[in-house]
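A short write-up of the structure that comes next.
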Amino acid sequence: MQIPDGAHVAVIDGERFLWLRNSGDAVHPNLENFGAPDLDPTNRSSGKMRHSITTNQHTGNDLDEAAHVAAAADWMNHQAKTNAIEHLIVVADKRSLGELRRHYHIELEKRLVGEIGKAVTNQPIDEIAQTIAAA
């Protein structure tokens, strides 16, 4: 997948959120780290309730992760609704990606160039760019 010039890349999991931007072009991307947005994942009801496989009970950590992902989606929705982003690529582990999709606003969906279901938040930015290019 090519990363359009100026496109933003959100790299998300249940604990981390990296906000990157391509300062290169589609053929030679150069992802720059714009840091982690300041999120307010305190509304645990925003995230889908997940059940523990063994106990069929809600686990606090799962709810915290879902709330973090929901807060990231809310932040990205605001960026789309205020025209702060034109193109967006989302890279998230499959579980977080499923949660994100539940919260996408239509304005965000219009700007979505692609999604990649991989856990890469702990990878160097160059490897994240390679993962996107290979998708």
Considering each residue of the range 16-35, count those that are surrounded by 13 or more Cβ atoms within 10 Å (Cβ to Cβ) and part of a loop (DSSP other than H, G, I, E, B), and give that number.
6
Count - residues of the range 20-36 that are farther than 15 Å from Pro4 by Cβ and either among the acidic types (Asp, Glu) or modelled with pLDDT of 90 or more (or both)
2
So in the range 65-78, with the set limited to residues that are out of contact with any Phe, Trp or Tyr (no Cβ under 9 Å at 6 or more places or on another chain) and in contact (Cβ under 8 Å) with a residue 24 or more places away in the chain, which one is surrounded by the fewest Cβ atoms within 10 Å (Cβ to Cβ)?
Asp74
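Taking the residues in the range 94-115 that are among the small types (Gly, Ala, Ser) and out of contact with any His (no Cβ under 9 Å at 6 or more places or on another chain) as candidates, determine which candidate is nearest to Pro4 (Cα to Cα).
Once the filter is applied, the top-ranked residue is Gly114.
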The conditions are (1) closer than 16 Å to Phe17 by Cβ; (2) surrounded by fewer than 19 Cβ atoms within 10 Å (Cβ to Cβ); (3) within 13 Å of the chain's Cα centre (by Cα), and Ile128 fails exactly one of them. Which is it?
(2)
Pairs, please: C-beta under 7 Å, at least 6 apart or cross-chain, first residue more than 14 Å from Phe34 (Cβ to Cβ) and in the range 1-17, second surrounded by fewer than 22 Cβ atoms within 10 Å (Cβ to Cβ) and of a type in the set (Asp, Glu)?
Asp5/Asp25; Asp13/Asp93; Gly14/Glu65; Glu15/Glu65
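The values are calculated or read from the model by the stated rules, or taken from the named source; none is laboratory data. Quantities reported herein were computed from a predicted structural model and do not represent experimental measurements. All Cβ positions, glycine included, derive from the backbone under ideal geometry; neighbour counts span all protein chains shown.
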